[in-house]
1. I'd like the Karplus ³J(HN,Hα) series for region 34-49: coefficients 6.51, -1.76, 1.60, θ = phi - 60°, whole numbers in Hz, and an x wherever there's a Gly or Pro.
2. Run through region 46-83 and list the chymotrypsin sites (Phe, Trp or Tyr not before Pro) located in a DSSP loop whose Cβ has at most 14 other Cβ atoms within 10 Å.
3. With a 10 Å radius around each residue's Cβ, average the other Cβ atoms per peptide and rank 90-99, 32-41, highest first.
4. At Asp109 and Lys155, where each label point lies 7 Å from the Cα along Cα→Cβ, what is the point-to-point distance in nanometres?
5. Sort 59-70, 19-30 by packing, meaning the average of other beta carbons within 10 Å per residue, with the highest value first.
6. Roll a 1.4 Å probe over the protein chains and send me the accessible area per residue for region 46-115 in Å².
7. Please work out the FRET efficiency for the pair Ala40 and Ala102, using the Cβ-Cβ distance as r and a Förster radius of 30 Å; give the result to the nearest 0.05.
8. So if I place +1 on the C-beta of Lys and Arg and -1 on the C-beta of Asp and Glu, and nothing else carries charge, what would the dipole magnitude of region 36-75 be about its Cα centre? I want it in debye, nearest 20.
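The values are calculated or read from the model by the stated rules, or taken from the named source; none is laboratory data. The structure displayed is predicted, hence computed values, not measured ones. FYI the Cβ positions are ideal-geometry reconstructions off the backbone, even for glycines, and counts take in every protein chain you see. Just so you know, the surface numbers come from the protein's heavy atoms only, side chains and all, with ligands and any DNA or RNA stripped out. Shrake-Rupley method; radii C 1.70, N 1.55, O 1.52, S 1.80 Å.
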Amino acid sequence: MSPIQTPAQGGIDMISIDQLKPCDILMCQGNSFISEMIIALDKGGYSHAAFYYGDGYVNHATKDGILHQKLQDSLMLSEKHIDVYRFKKGVFGIGDQGWPAAPLLSVADYYTINHTAFAWDELLLLGFLSLTRDIDLPPQMAAKLRKLLDSEAAKILEHFRDGKSMMICS
């Protein structure tokens, strides 16, 4: 298994999976067509992100919602590469005595337990809009597109009215 990169000041440190700590952020570049589209539309270097929960588990957004699963069972290890980010506050890293991980792990639990919806439909709609924004559409097509956009906007508003939040991972 290849090592995971940790971008660090002045270079990249290579770490192995067993060196991951709770609250590490795993940023991935995937191999799939969808991954390539996300990178192209986002103009970034990553197509997926995950939160390392600890004990070999990650929390990440999928089209099925926020999942809590073993890193080994996720698709994360099949990605082109994974960069790991560790946040610091002064001299403390998350999980150190001066900056406990428990509050962040509690938020991760909330999103997983409540089956927070991943905004899959909304991302596809945004991708479609990005690809078609410079195309002149005949009035009939423009009207159909407007109807579709209104329908999707209604779905989004319904989620917010119901107190649900959508998670976009990109």
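1. 3J(HN,Hα) across region 34-49, in whole Hz: 4, 4, 4, 5, 4, 5, 5, 6, 7, 6, x, x, 10, 10, 7, 9.
2. On the way: sites: Tyr46, Phe51, Tyr52, Tyr53, Tyr57; in loops: Tyr46.
Sites meeting the loop and neighbour criteria: none at all.
3. Details: 90-99: 12.9, 32-41: 14.7.
Top to bottom by mean Cβ count within 10 Å: 32-41, 90-99.
4. Roughly 3.2 nm, to one decimal.
5. Working: 59-70: 16.8, 19-30: 19.0.
Final packing ranking: 19-30, 59-70.
6. Values: 4200 Å² over 70 residues.
Result: 60 Å² of accessible area for each residue.
7. Numbers: r = 38 Å, r/R0 = 1.27.
Calculated transfer efficiency: 0.20.
8. Values: 3 positive and 5 negative charges, 13 e Å.
The calculation lands at about 60 debye.
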